[in-house]
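Reviewing the structure listed below.
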Amino acid sequence: MLPHILSVLQQFPFSESVPGITYVSVQPVSWNEASVLERRFLPGVSPEEGLMIAADLVHDDYAYIFDTHWDLWTPAAGGSGERAWQLTPSRVKFIARGEEFDDAAYRESGHIEVDLGLDSAFLQENVELTDDTKAKVRDNVAKLVEFAGKAEKNTRANARLLWSESQENLAQKLVARLQRVQ
């Protein structure tokens, strides 16, 4: 299981200002149990170092959480009422589940889950669509698509699902938004 999550982490475009893995947690049996290991890192550690910390605790009924960051364009209020954009580190959580963890929850959620947080960073639905806004939305989506493509190509993944916090299919929402920003 850990070699598979390492393969995915090695494809990830880490933030320049918050590189590497910044948090590792090992969760036994289910989400209702207390973590058996939690470590934070500033600066972050490499994927290999992060996995070595959890390597002594490999069990089929455990889950492993790795927090990372990547840089996404986010709007910031400008002085003249126009929006300025800045590259901001955004947290991404990688979760690897053992086959016996949480009553075999991997069957529904997969062995590896990549939680990108709120979909607003990719959709920017509450921002006026100017040429600059369209370019930033396209850049954020391109980063997501590039990561998903690399992860699929360079790992042994046999399926992927893009889902959002709004409980809707993120892929469909991205396609709809990209049609408006093209």
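One residue stands out in region 88-116 among those that are in a loop (DSSP other than H, G, I, E, B) and among the aliphatic types (A, V, I, L, M): the one that is surrounded by the fewest Cβ atoms within 10 Å (Cβ to Cβ), namely Ala104. Contact map, region 23-39: residues that are farther than 14 Å from Ile95 by Cα paired with residues that are assigned to a strand (DSSP E or B) and hydrophobic (A, V, I, L, M, F, W, C), Cβ distance under 6 Å, separation 6+ or inter-chain. Pairs shown: Val36/Val26; Leu37/Val26; Arg39/Val24. For region 16-71, a residue qualifies if it is of a type in the set (Asp, Glu) and within 17 Å of His111 (Cα to Cα), and the qualifying residues are Asp60, Asp61, Asp67. Going through (1) in contact with a strand residue (DSSP E or B) (Cβ under 7 Å, 6 or more places away or on another chain); (2) on the phi > 0 side of the Ramachandran plot one by one, Val29 falls short only on (1). Among the candidates Glu33, Glu38, the residue that is surrounded by fewer than 17 Cβ atoms within 10 Å (Cβ to Cβ) and at pLDDT 95 or above is uniquely Glu38.
The single condition among (1) surrounded by 17 or more Cβ atoms within 10 Å (Cβ to Cβ); (2) at pLDDT below 85 that Ser120 does not satisfy is (1).
Any residue in region 52-68 that is modelled with pLDDT under 90, on the phi < 0 side of the Ramachandran plot, of a type in the set (D, E, K, R) and touching a Pro at 6+ places or on another chain (Cβ under 9 Å)? No - not one qualifying residue is present in region 52-68.
The rows are residues; the columns are (1) within 15 Å of the chain's Cα centre (by Cα); (2) within 30 Å of Thr133 (Cα to Cα).
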site	(1), (2)
Val45	no, no
His59	no, no
Thr68	yes, yes
Pro75	no, yes
Phe94	yes, yes
Ala104	no, no
Ser109	yes, no
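Within this structure, Trp85 passes the test of being at pLDDT 80 or above, over 18 Å from the mean Cα position of the chain (by Cα), surrounded by 12 or more Cβ atoms within 10 Å (Cβ to Cβ) and closer than 24 Å to Pro19 by Cα. Out of Glu38, Glu33, one residue alone is more than 17 Å from the chain's Cα centre (by Cα) and assigned to a strand (DSSP E or B). It is Glu38.
Only a single item in (1) more than 21 Å from the chain's Cα centre (by Cα); (2) part of a loop (DSSP other than H, G, I, E, B); (3) of a type in the set (A, V, I, L, M, F, W, C) is not met by Ala55, and it is number (2).
A residue that is crowded, with 19+ Cβ neighbours inside 10 Å, out of contact with any Asp or Glu (no Cβ under 6 Å at 6 or more places or on another chain), not in a loop (DSSP other than H, G, I, E, B) and not aliphatic (A, V, I, L, M) cannot be found anywhere in region 11-22. Evaluated against (1) surrounded by fewer than 20 Cβ atoms within 10 Å (Cβ to Cβ); (2) among the hydrophobic types (A, V, I, L, M, F, W, C); (3) assigned to a strand (DSSP E or B), Ala63 falls short on exactly one condition, (1).
The values are calculated or read from the model by the stated rules, or taken from the named source; none is laboratory data. Treat the numbers as computed from the prediction; the structure is a model and nothing was measured. Heads up, the Cβs are rebuilt from the backbone with ideal geometry, glycines too, and the neighbour counts pull from every protein chain shown.
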